[in-house]
Amino acid sequence: MACWRSMRLASKAVVGALAGAVMLGAMPPALAQTALKVMVFPGLANFSIFAAQHKGLFAKHGLAIELLNTPNSDAQRERLAKGEIQIAHAGVDNAVAMAELAKVDIAIVMGGDNGFNRIVVQPEIKAYADLRGKTVVVDAPNTAFALLLYKVLKDNGLNKGDYAVKPVGGTPVRLDAMLKDKTNAAGILAPPFAFSAVQAGLKDMGSAAKAVGAYQSDGAFVLREWAKANSDTLVRYIRAYVEGRRFVLDPANKAEAIQLLADRLKLAPDVAAQSYAVVTDPADGIAKDAKLDMEGLRNVLKLRAEIEGQWGGNPPPPETYLDLSYYDKALAGL
């Protein structure tokens, strides 16, 4: 009898062990973390990335992101071309410049925002005409926001040669250059740096993008060859990014989002709140789900054609630089 009880207990133990093994086998394995190097300019355009990191969305999609700040667009473009980073976020005209000037096979895979760019000048500048003979500061002299600045000046009667151009670097560097050297008379700055500039005594002359209308500023771009070889990784990245954007734009998360912005960009609470208001503005804020503005990209190309004389003044269709198949697949899975 005792032997029979022992056999029954042993049988139950085996069944339990087998059931446990089945349950363990049914449990999905932990998602492997794919490492990605993503390079950005410091600033408000990274809000969705900050949110995705904050809420663990990259990890949720099996990604380990190393977020790198670039000092200027030249460094960012060079590192992307060499494969030292996988994804770049910047003004998409930088992607066009890579394709046309450096002959690198790139693809813009996602939109972002219109840049929220402001033209900021020294306090003694009363009108754009006052910039004649003065120095303007830019990132690179032949891409993105520099072209936007030249367009505004051209529309106000100033052509290249009427002012000096000094390449200094990204937005924080341009602000620093203007604050430390009053001979740096003008530059394009985006929030929150534009807010800091005004607080420091510089003058905001208004929106830069008004000169061209719709404008596709920030976007994500990659090497086409890398994207083809790592399509699943890119799709997962876009999904996490879009989920981060949805978090930012959800009014229920306002307080948490403002605090996140203050923490990540080291902003005073009032500046963080101002920046949040810009980003979430229903008309001019960041694009829902980071959708690319096709008309804005057309204007980016028109601007390059007009200011730089690219393509003999006749820009190609935007699709030349796009591959939105990864974006479409990412959204279909959300």
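The values are calculated or read from the model by the stated rules, or taken from the named source; none is laboratory data. Note that the structure is predicted; figures quoted are calculated from it, not measured. We place every Cβ from the backbone using ideal geometry, glycine too, and count neighbours over all the protein chains shown. Heads up: the accessible areas ignore ligands, DNA and RNA and are worked out on the full protein's heavy atoms, side chains in. Shrake-Rupley method; radii C 1.70, N 1.55, O 1.52, S 1.80 Å.
A single entry from A211, A240 fulfils the requirement of being closer than 22 Å to S325 by Cα and small (G, A, S): A240. Candidates K203, K103, K166: the one that is within 29 Å of L324 (Cα to Cα) and open to solvent by 10 Å² or more (accessible area, probe 1.4 Å) is K103. Could you tell me whether segment 185-196 includes any residue that is among the polar types (S, T, N, Q) and surrounded by fewer than 20 Cβ atoms within 10 Å (Cβ to Cβ)? Taking every residue of segment 185-196 in turn, at least one turns out to be among the polar types (S, T, N, Q) and surrounded by fewer than 20 Cβ atoms within 10 Å (Cβ to Cβ). Screening Y237, Y276 for residues that are closer than 26 Å to A95 by Cα and either hydroxyl-bearing (S, T, Y) or at pLDDT 95 or above (or both) leaves exactly one candidate, Y237.
Within segment 81-135, the residues that satisfy the criterion of being in a loop (DSSP other than H, G, I, E, B) and of a type in the set (A, V, I, L, M) are I85, V92, L101, A102, V104, I125, A127.
Scanning segment 31-43 for residues that are of a type outside the set (S, T, N, Q), open to solvent by 10 Å² or more (accessible area, probe 1.4 Å) and touching a residue at least 40 places away in the same chain (Cβ under 8 Å) gives K37, F41, P42. Within segment 65-82, identify whether any single residue is modelled with pLDDT under 95 and exposed (fewer than 15 other Cβ atoms within 10 Å of the Cβ), and answer yes or no. No, that holds for no residue. Taken together, the criteria exclude F195 from residues that are in contact with a helix residue (DSSP H, G or I) (Cβ under 6 Å, 6 or more places away or on another chain), among the hydrophobic types (A, V, I, L, M, F, W, C) and not in a helix (DSSP H, G or I). Within segment 54-80, the residues that satisfy the criterion of being in a helix (DSSP H, G or I) and either free of Cβ contacts under 8 Å to residues at least 60 places away in the same chain or within 14 Å of the chain's Cα centre (by Cα) (or both) are A59, S73, A75, Q76, R77, E78, R79. How about segment 281-317: which of its residues are more than 19 Å from the chain's Cα centre (by Cα) and either part of a helix (DSSP H, G or I) or charged (D, E, K, R) (or both)? Across segment 281-317, the qualifying residues are K302, L303, R304, A305, E306, I307, E308, Q310, W311, G312, G313.
Residues in segment 136-163 that are open to solvent by less than 10 Å² (accessible area, probe 1.4 Å) and part of a loop (DSSP other than H, G, I, E, B): A140, T143, L158. If the condition is being open to solvent by 50 Å² or more (accessible area, probe 1.4 Å) and closer than 15 Å to V248 by Cα, then segment 264-279 contributes R264, Q274, A277.
Under the condition of being open to solvent by less than 10 Å² (accessible area, probe 1.4 Å) and part of a strand (DSSP E or B), which residue from segment 219-235 is farthest from A35 (Cα to Cα)? Applying the filter and picking the extreme gives G219. Of all residues in segment 49-63, at least one satisfies being farther than 24 Å from F193 by Cα, modelled with pLDDT of 95 or more and open to solvent by 60 Å² or more (accessible area, probe 1.4 Å).
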